[in-house]
1. Is there a residue in the range 122-142 that is within 29 Å of residue 46 (Cβ to Cβ) and among the small types (Gly, Ala, Ser)?
2. So the check is Cβ under 7 Å with 6+ separation or different chains; which pairs have a first residue in the range 38-61 that's under 24 Å from residue 161 (Cα atoms) and a second one that's small (Gly, Ala, Ser)?
3. Give the range 36-60 a look and list any residue that's in a helix (DSSP H, G or I), farther than 17 Å from residue 81 by Cα and not polar (S, T, N, Q), or say none.
4. For the range 118-165, which positions are assigned to a helix (DSSP H, G or I), touching a residue at least 40 places away in the same chain (Cβ under 8 Å) and among the β-branched types (Val, Ile, Thr)?
5. Identify, from the list 42, 52, the residue that is open to solvent by 50 Å² or more (accessible area, probe 1.4 Å), within 32 Å of the chain's Cα centre (by Cα) and basic (Lys, Arg).
6. Only one of 120, 67, 78 is open to solvent by 60 Å² or more (accessible area, probe 1.4 Å), farther than 17 Å from residue 14 by Cβ and touching a strand residue (DSSP E or B) at 6+ places or on another chain (Cβ under 7 Å). Can you tell me which?
7. For the range 113-135, how many residues are under 26 Å from residue 23 (Cβ atoms) and out of contact with any helix residue (DSSP H, G or I) (no Cβ under 8 Å at 6 or more places or on another chain)?
Amino acid sequence: MTTTWGDFQAIIQLSAGLNVAILSFVDISIPAIKERRHVFTKARQELDIYRKNPHKITTEDKAAHADRVGEIDRQLFDLWHETSDFEQIEDSMLKTTGVFGLLGAILSISLLWYSGVRYDTRLPTFGMVLTLTSFLSLFAAFCVNFFTAFRATHYTKRCNTLRQRMRETLK
């Protein structure tokens, strides 16, 4: 028994639907990216408050406090510098998701149209390969967004750890 385009059309329809929905994959990483940026802003604000600590009265207390603030400030700057490099990667990964979605949608919708026209025609191996290729864009977009969310969450945790250390050492 030979497989026809019509026999394979349900798989192509699934691919077309998922590739059109791929643009919503950015919802995987955007909340983590926003949270990371928010946490860094809060850390900077908290450090500014600690820097102006009015409870330090003596010169020795002020100097020791300024040294501790300076140390935390350097650590926060180093972490910010590390994440600022990642921000460019984040932006390019979000754009890449759109490219994957567009290419996958074009391929799968073209295959859907072609399978409708050639419904009773035998499906060549190349047609199966093209259909399977249209699913690769889904996998790639998911991986890109999952990786972005994972890295953003990692930086958020590191910043929160630094904020906690700030609260403990700069009282």
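1. So in the range 122-142, the residues within 29 Å of residue 46 (Cβ to Cβ) come out as none.
No, the range 122-142 has no match at all.
2. Correct list of pairs: empty, since none qualify.
3. Result: 46, 48, 49, 50, 51, 60.
4. 131, 144, 148, 153, 156
5. 42
6. Values: 67 fails: touching a strand residue (DSSP E or B) at 6+ places or on another chain (Cβ under 7 Å); 78 fails: touching a strand residue (DSSP E or B) at 6+ places or on another chain (Cβ under 7 Å).
120 is the lone residue from the list that is open to solvent by 60 Å² or more (accessible area, probe 1.4 Å), farther than 17 Å from residue 14 by Cβ and touching a strand residue (DSSP E or B) at 6+ places or on another chain (Cβ under 7 Å).
7. Residues in the range 113-135 being under 26 Å from residue 23 (Cβ atoms) and out of contact with any helix residue (DSSP H, G or I) (no Cβ under 8 Å at 6 or more places or on another chain): 3 in total.
Okay, residues lined up against (1) open to solvent by less than 80 Å² (accessible area, probe 1.4 Å); (2) closer than 30 Å to residue 50 by Cα:
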| residue | (1), (2) |
| --- | --- |
| 85 | no, yes |
| 101 | yes, no |
| 125 | no, no |
| 135 | yes, no |
| 165 | no, yes |
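The values are calculated or read from the model by the stated rules, or taken from the named source; none is laboratory data. This one's a predicted model, so the numbers in the text were calculated from it and none came from an experiment. All Cβ positions, glycine included, derive from the backbone under ideal geometry; neighbour counts span all protein chains shown. For the accessible areas, the whole protein counts, side chains as well, though only heavy atoms, and no ligand, DNA or RNA atoms are used. Shrake-Rupley method; radii C 1.70, N 1.55, O 1.52, S 1.80 Å.
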